[in-house]
1. Among the residues that make up the range 31-42, is at least one of them touching a residue at least 24 places away in the same chain (Cβ under 8 Å) and under 20 Å from the mean Cα position of the chain (by Cα)?
2. Could you please find all residues in the range 105-134 being more than 8 Å from the ligand (Cβ to nearest atom) and either assigned to a loop (DSSP other than H, G, I, E, B) or touching a Ser or Thr at 6+ places or on another chain (Cβ under 7 Å) (or both)?
3. Regarding Gly152, is this residue touching a residue at least 40 places away in the same chain (Cβ under 8 Å), more than 15 Å from the ligand (Cβ to nearest atom) and under 23 Å from Val8 (Cα atoms)?
4. Quick test of your reading of the structure: His97 fulfils all but one of (1) more than 21 Å from Gly54 (Cβ to Cβ); (2) out of contact with any Leu (no Cβ under 9 Å at 6 or more places or on another chain). Name the failing condition by number.
5. Quick one: what pairs do we get from the range 84-104, first residue assigned to a strand (DSSP E or B), second small (Gly, Ala, Ser) and within 16 Å of the ligand (Cβ to nearest atom), C-beta under 9 Å, 6+ apart or different chains?
6. Only residues that are of a type in the set (A, V, I, L, M) and surrounded by 18 or more Cβ atoms within 10 Å (Cβ to Cβ): list them for the range 70-98, please.
7. Which pairs do you get when a residue that is touching a residue at least 40 places away in the same chain (Cβ under 8 Å), found in the range 132-146, comes within reach of a residue that is exposed (fewer than 11 other Cβ atoms within 10 Å of the Cβ) and part of a helix (DSSP H, G or I), reach meaning Cβ atoms under 7 angstrom, with the pair 6+ apart or on two chains?
8. Has the range 214-221 got at least one residue that is away from the ligand (no atom under 16 Å from the Cβ), among the polar types (S, T, N, Q), touching a Lys or Arg at 6+ places or on another chain (Cβ under 8 Å) and free of Cβ contacts under 8 Å to residues at least 60 places away in the same chain?
Amino acid sequence: MTPGGESVSPLNIPAWRSFPLRARLTGVLESRAGSAGIGLRIDNDAKALALGEGWIGAARGERNYLALVVSTGVGGGIVLEGALLEGATGNAGHIGHLIVEPEGQICPCGARGCLEAEASGPSIARATGAPAELASLEVKERTGRLVGRAVGSVANLLDLRLAVVAGSVALGFGTPFFLAAQREVDAVARLSFSAGCRVAPAGLGERAPLLGAAALGWTTRPAPRAGP
Ligand SMILES: [Zn+2]
């Protein structure tokens, strides 16, 4: 994503390379009666999720946390000291491209062993020959372990004590995924400040990214408004 969402190139939509999302959406709004002049905010789903979970979800009241989506891709959004991290171009939080298996699969980004290349729904389907919904207990636990490995490293790096996880793969895998993720976080995040970092399901469930989009639209950065 370029700053402000002028153009986007999501790895999971190969047809969209430098897709002019802001211009296209502006065109749609201007073509509809009564929509002209509506403000437009563009951001990725995981960053929106982070805002929504901090607003009315599992991270409510937290000023430092990580939010992840484990689904078709693996994305993340980070809130530090109450503010959503943006980075130089608005792309901070891409936890899906932390290396969790150095000898693992080639990722669509070009690197080897990224979390997204091992734990996303399509990558699980490629590795097992079956849709992620049919994954075995072993695959569910492995996926949780790899997500936990990345989360533990981020907790050590950024002094975090909470990660909330959404997405069809994570929520569909359920308890075995979350128990394995927590065990791995406990094994990786062992510094005095990171030990005890919790991994929790997103409080907003499957609606989390959509409610996150609402939070994105309603909030004036850096922090969402108080909840209802
Ligand atoms: Zn990658």
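Each value in this text was obtained by applying a stated rule to the coordinates, not by laboratory testing. In this text, all values refer to a predicted model and were calculated from it rather than measured experimentally. Heads up, the Cβs are rebuilt from the backbone with ideal geometry, glycines too, and the neighbour counts pull from every protein chain shown.
1. Yes; the residues of the range 31-42 include at least one that is touching a residue at least 24 places away in the same chain (Cβ under 8 Å) and under 20 Å from the mean Cα position of the chain (by Cα).
2. Answer for the range 105-134, where residues must be more than 8 Å from the ligand (Cβ to nearest atom) and either assigned to a loop (DSSP other than H, G, I, E, B) or touching a Ser or Thr at 6+ places or on another chain (Cβ under 7 Å) (or both): Gln105, Gly113, Ala119, Ser120, Gly121, Pro122, Ile124, Gly129, Ala130, Pro131.
3. Against the criterion (touching a residue at least 40 places away in the same chain (Cβ under 8 Å), more than 15 Å from the ligand (Cβ to nearest atom) and under 23 Å from Val8 (Cα atoms)), Gly152 does not qualify.
4. Condition not satisfied by His97: (2).
5. Taking only residues 6 or more apart or on different chains, the pairs are Leu84/Ala92; Leu84/Gly93; Ile99/Ala111; Ile99/Gly113; Ile99/Ala150.
6. Val70, Val74, Ile78, Val79, Leu84, Leu85, Ile95, Leu98
7. Hits for this filter: zero, empty list.
8. no
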